[in-house]
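A.B. asks: Take a look at this one; I'll ask things after.
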Amino acid sequence: MLKPVWYLPFLLLISSHICGQKVSGNLKLEEGKTYKVTIIVEDTIIQQVGGKAIDFFAKGTAEHFYKPTTVSGQITTLHHQLQRFTFQFDGMNQKKSFDSDVDKEGAFGELSKKTYDVTIDATGKTIKSEPSKIEMITLDESSVIITGMLKDAINVVYPPQKGANSFFKVLPDYEVGIGDTWKDSTITEHEKSVTENTLTAITDSTIIIEFKTTSTSTTLSEMMGRESKTKLNTTTTGKTILDKATGIIKEKTSSSQSNGSKEVMGSTLPMNGKATTVIKVTTQ
């Protein structure tokens, strides 16, 4: 019964090594490979109008391709292309569906024609994008609602700005270990968000990070020919799994809860929603 005791110090040494292990945010992207990013979003919004609840539901899938065209030292340039975008929408007494493989024209058809090249440093921070800005597509009222509900799938279409985190940046610029936390913040014309990340596990092949994001957003659109303003407060929690060898996202899952209001024609309409997002990255 006493024989197994000899390896206890060895196990304690291994445990201590794992707990004290640090990882860096340096990425290993390979020229000649294509990184396929699949994003699936399901979003439900409930809006109160005249004491009645109106439900909106949208589910969308986007397939984004990133192909490194130049890998030189600490600098990588990637070409981005939206390969396919599909959605189903039900709300406002109408149903809509779209598949970019079939529908090449129209506002959503234009999305798949948008491309850009982004140059990033070793950690995934943006050095420059060409073009630096892509104009927003012109949408009707219901399409504005759809793009808002599916923004996590669509936003990757627009190039990151200089100094901002690219899609591939997750870890901070310094080494971190299990239990370490760091924050990322984003400020755009319509949204402010703060994300607190915690590294929770390091295995032989993965790095696991749990996160919580709080954001506020304001969106302007038209409703029945009148300008409307939607204000939302959103809390999102989730987990990101990185490939330990490359630092590249393998999978990211999140769920969010939001509440706010739509202001239109002098009335304020309360609204709340919930959404789930699943992101997977594979190589080709």
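The values are calculated or read from the model by the stated rules, or taken from the named source; none is laboratory data. Treat the numbers as computed from the prediction; the structure is a model and nothing was measured. Neighbour counts run over all protein chains shown; Cβ positions are idealised from the backbone, glycine included. Each accessible area value is taken on the protein alone, full model and side chains, heavy atoms only, with ligands, DNA and RNA left out. Shrake-Rupley method; radii C 1.70, N 1.55, O 1.52, S 1.80 Å.
A.B. asks: What number of residues within segment 165-179 satisfy the criterion of being more than 16 Å from the chain's Cα centre (by Cα) and surrounded by 17 or more Cβ atoms within 10 Å (Cβ to Cβ)?
C.D. replies: First, the residues of segment 165-179 that are more than 16 Å from the chain's Cα centre (by Cα): 172-179.
Next cut, surrounded by 17 or more Cβ atoms within 10 Å (Cβ to Cβ) only: 172, 176, 178.
Going through segment 165-179 one residue at a time, the tally reaches 3.
A.B. asks: Does Lys36 fit the bill of being out of contact with any helix residue (DSSP H, G or I) (no Cβ under 9 Å at 6 or more places or on another chain), basic (Lys, Arg) and touching a residue at least 24 places away in the same chain (Cβ under 8 Å)? Full working, then the answer.
C.D. replies: Values: out of contact with any helix residue (DSSP H, G or I) (no Cβ under 9 Å at 6 or more places or on another chain): yes; basic (Lys, Arg): yes; touching a residue at least 24 places away in the same chain (Cβ under 8 Å): yes.
Yes: the conditions hold for Lys36.
A.B. asks: Within segment 93-134, track down each residue that is open to solvent by less than 30 Å² (accessible area, probe 1.4 Å), β-branched (Val, Ile, Thr) and in a loop (DSSP other than H, G, I, E, B).
C.D. replies: Thr123, Ile134
A.B. asks: Please work out if Ser143 is crowded, with 18+ Cβ neighbours inside 10 Å, out of contact with any Pro (no Cβ under 7 Å at 6 or more places or on another chain) and of a type in the set (Gly, Ala, Ser).
C.D. replies: On the way: crowded, with 18+ Cβ neighbours inside 10 Å: yes; out of contact with any Pro (no Cβ under 7 Å at 6 or more places or on another chain): yes; of a type in the set (Gly, Ala, Ser): yes.
So Ser143 fits the description; yes.
A.B. asks: Considering (1) of a type outside the set (Lys, Arg); (2) closer than 30 Å to Ser142 by Cβ; (3) surrounded by fewer than 13 Cβ atoms within 10 Å (Cβ to Cβ), say which one Thr218 fails and leave the rest.
C.D. replies: Going through (1) of a type outside the set (Lys, Arg); (2) closer than 30 Å to Ser142 by Cβ; (3) surrounded by fewer than 13 Cβ atoms within 10 Å (Cβ to Cβ) one by one, Thr218 breaks only (3).
A.B. asks: A follow-up question, please. Scan segment 70-85 for residues that are under 19 Å from the mean Cα position of the chain (by Cα) and either buried (at least 19 other Cβ atoms within 10 Å of the Cβ) or closer than 30 Å to Asp173 by Cβ (or both) and report the count.
C.D. replies: Selection size over segment 70-85: 6.
A.B. asks: Filter segment 230-247 for residues that are buried (at least 19 other Cβ atoms within 10 Å of the Cβ) and modelled with pLDDT under 95; which is farthest from the chain's Cα centre (by Cα)?
C.D. replies: Ranking the candidates gives Thr230 first.
A.B. asks: Spot the failing condition for Ser256; the list is (1) open to solvent by 70 Å² or more (accessible area, probe 1.4 Å); (2) within 22 Å of Ala153 (Cα to Cα), and only one is missed.
C.D. replies: The number of the failed condition is (1).
A.B. asks: Of the residues Ser205, Ser255, Ser228, only one is touching a residue at least 24 places away in the same chain (Cβ under 8 Å) and more than 23 Å from Gln21 (Cα to Cα); which?
C.D. replies: After applying the criteria, what remains is Ser228.
A.B. asks: Tell me, which residue of segment 54-69 that is open to solvent by 60 Å² or more (accessible area, probe 1.4 Å) and modelled with pLDDT of 95 or more is nearest to the chain's Cα centre (by Cα)?
C.D. replies: Lys59
Each row is one residue, and each column tells you yes or no for (1) of a type in the set (Gly, Ala, Ser); (2) closer than 29 Å to Tyr66 by Cα; (3) touching a Leu at 6+ places or on another chain (Cβ under 6 Å).
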| residue | (1), (2), (3) |
| --- | --- |
| Thr214 | no, yes, no |
| Thr235 | no, yes, no |
| Gly238 | yes, yes, no |
| Asp243 | no, yes, no |
| Pro270 | no, no, no |
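A.B. asks: So, one more: If you check every pair at least six apart or on different chains, which have Cβ atoms under 7 Å apart with a residue in segment 156-172 that is under 15 Å from Leu78 (Cβ atoms) first and a residue that is open to solvent by 40 Å² or more (accessible area, probe 1.4 Å) and among the hydroxyl-bearing types (Ser, Thr, Tyr) second?
C.D. replies: Pro159/Ser132
A.B. asks: Just the residues that are under 30 Å from Lys33 (Cβ atoms), aliphatic (A, V, I, L, M) and part of a loop (DSSP other than H, G, I, E, B), please, taken from segment 232-284.
C.D. replies: Ala245, Ile248
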